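This report concerns only the one structure given below.
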């Protein structure tokens, strides 16, 4: 594979690179760069071999015969593109902003209702006070239920629990 790619044999940063050598071969360099490449080719056998490989490749391309299609490919493609454009459905009309108004109002009303009911359930004035018997019955679910061994006041009455 290294025979096909002469750049792989060269150390990193070797100048000129293959792109510059190809531009020199095609006559695309300015006079200063052209003189630099010619001076380098006189002393660098690796770059001279790369130029020989590039010349061989150019000769190979020049020896290939030119193929013609015999018909206009652009006309065929233009016809096919026109068919595809004709089959494409027309874009749907966009809804005006007021078409979303009923859904927006419904969402706002349900949000307001949810906030109102939630605040009423979590401590609003409309909630009746809990009955003492019901509260004492729920003491069974405390961290230290009634009747358990109490080793100290901190164990029986954690912070925030009524005494």
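What is the calculated FRET efficiency for residue 26 to residue 72, with r their C-beta to C-beta distance and R₀ = 30 Å, to the nearest 0.05?
Values: r = 31 Å, r/R0 = 1.02.
Efficiency for this residue pair is about 0.45.
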Contour minus Cα-Cα span, residue 46 to residue 100, at 0.36 nm per residue, comes to 12.1 nm
For the range 15-63, what's the radius of gyration and Dmax over Cα atoms, in angstrom? 10.7, 32
7 Å from Cα along Cα→Cβ at both residue 14 and residue 35: what's the point-to-point distance in nm? 2.6 nm
Between residue 86 and residue 62, how high is the FRET efficiency from 1/(1 + (r/R0)^6) when r is the Cβ-Cβ distance and R₀ = 45 Å? Nearest 0.05. 0.50
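Read-outs throughout are calculated quantities, based only on the coordinates presented, and are distinct from any laboratory measurement. No experiment lies behind these values; they were computed from the predicted model shown. Methodologically, a virtual Cβ is constructed for each residue, glycine included, from the backbone with ideal geometry; neighbour enumeration extends over all protein chains shown.
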